[in-house]
Amino acid sequence: MLTMNEIILENFAPENRLNWQIINDGVMGELSEGLFKINTDQTADFWGNISLENNGGFASVRALVKEPVTGNFQKIVLRVKGDGKTYSFSIRTDENCSAFGSQSRSC
């Protein structure tokens, strides 16, 4: 149950889906490949292969929030299950400004 100062941005339910996009290393030769799948059990999978040719590469997935998020929020909670590799998470306040970024090793 949500409290007054909580919102859910994505729960992968059909009525609440954000427009997810895969963004790979196009500026580095497009050698990496990321894939993203929303499952019927309201989870999502992200996987792929990263190429280290051309001075590195990346694979990512992103979504734009449909409505502006307003309120006095103090934290972000992610529920993830990983493969032990390091992943980045970032939030932007608009197209040009990164408001928060973090990297952590997944479990």
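Values in this text are rule-based calculations from the coordinates and carry no lab data. Nothing here was measured: the structure is a model prediction, and the numbers come from that model. Note that each Cβ is placed from the backbone with ideal geometry, even for glycine, and that neighbours are counted across all protein chains shown.
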*Would you work out the relative contact order for the chain, in percent, from Cα pairs under 8 angstrom that are 6 or more residues apart?*
21
_Compute and list, largest first, the equivalent-ellipsoid semi-axes of segment 14-105 from the alpha carbon gyration tensor, each √(5λ) rounded to a whole angstrom._
24, 17, 14
*Could you compute the FRET efficiency for A44 and A99, with r as their C-beta to C-beta distance and R0 at 25 Å, rounded to 0.05?*
0.65
*In what sequence, highest mean first, do 36-44, 18-26, 67-75 appear when ranked by Cβ atoms within 10 angstrom?*
18-26, 36-44, 67-75
